[in-house]
Every structure is written in structure tokens, then in C-alpha cells.
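Visitor: Once you've had a glance at the structure underneath, I'll fire off some questions.
The values are calculated or read from the model by the stated rules, or taken from the named source; none is laboratory data. Fair warning: this is a prediction, and the values are worked out from it, not measured in the lab. Ideal geometry is used to build each Cβ from the backbone, glycine not excepted, and the neighbour counts take in all protein chains shown. Remember, those area values only see protein heavy atoms, side chains included, never the ligands or the DNA or RNA. Shrake-Rupley method; radii C 1.70, N 1.55, O 1.52, S 1.80 Å.
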Amino acid sequence: MLRISYLSAVLNLVTAFVSFLRFGSNQALLIMTGCSLLLLAGCRILHGRAALTLVPLITISCSFLLYNVVYVLLKQIHLVDLYAVGWRLAVQLLLPLLLGFTLKSILKRSGNSRLV
């Protein structure tokens with residue numbers, strides 16, 4: 001599980017630097033690098049606990065990566081700047097958190113998962 005968080009953090013940081021070099025957006029760079037490093041720190045802190053505890057953080061980290069990749073693609077084709085919209089926080093953090101805790105509770109109830 002920790003490997004997934006490392007891979008996601010590295011890809012998030014690469015996406016942040018590509019975004020900064022391509023578009024020069026300091027706000028997007030700050031948000032992308034800050035959140036990536038905070039999520040990685042959270043995964044490192046929770047590393048000693050059960051693997052099921054990491055599911056919400058890894059869900060957020062992977063969805064954050066997808067959001068950043070979509071941001072770069074949409075910004076490249078000059079369609080929309082996803083970091084300028086008002087609902088960014090809900091889509092970027094709250095929905096994946098809800099999905100992560102739902103997935104964690106489903107895995108905990110099933111009991112026959114490798115993660116439990």
C-alpha cells in the first residue's frame with residue numbers, strides 16, 4: 001500500500017512541475033505539491049497500522065492524481081482551468097474521502113479481503 005502512495009506522490013509532483021513549466025501557475029503548483037506531500041506524510045504516519053487504515057488516504061491520493069492530469073489536459077486544450085472553479089475542493093477532496101471511507105467499510109464488513 002505504501003508503494004502506491006509513493007508512486008502517486010511522485011506522479012503528482014511530476015504533474016505539478018509539468019503544469020508549472022507549461023502554464024506558469026503558481027497557485028496550482030503550490031496546491032499540487034502541498035497536498036501531495038501532506039498525503040504522503042499521512043501515509044507514512046499511518047504506515048505501522050493496518051493496511052485497511054490507508055484505504056481512504058490512498059483513494060484521495062489517486063483521485064488527486066487523476067484530477068491533476070485532467071487539469072493539465074483541459075488547460076492544454078484551453079477548455080477550462082480546474083483550479084479556478086469554485087467547486088474544486090468538494091470534487092478534489094471530499095468526494096474521494098467519502099468514497100474511501102465507504103470502500104473501507106465495505107472491505108471491513110466483507111472480512112475475507114486480504115486487506116483486513
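Visitor: Applying the selection to the range 42-90, what residues are out of contact with any Leu (no Cβ under 8 Å at 6 or more places or on another chain), among the aromatic types (Phe, Trp, Tyr) and open to solvent by less than 30 Å² (accessible area, probe 1.4 Å)?
Guide: Tyr83, the sole residue that qualifies.
Visitor: Evaluate the following for Ser19: is it of a type outside the set (A, V, I, L, M, F, W, C), under 18 Å from Leu66 (Cβ atoms) and under 12 Å from the mean Cα position of the chain (by Cα)?
Guide: no
Visitor: Do the conditions hold for Leu39, that is, is it among the aliphatic types (A, V, I, L, M) and either modelled with pLDDT of 85 or more or open to solvent by 30 Å² or more (accessible area, probe 1.4 Å) (or both)?
Guide: Judged against the criteria, Leu39 is a match.
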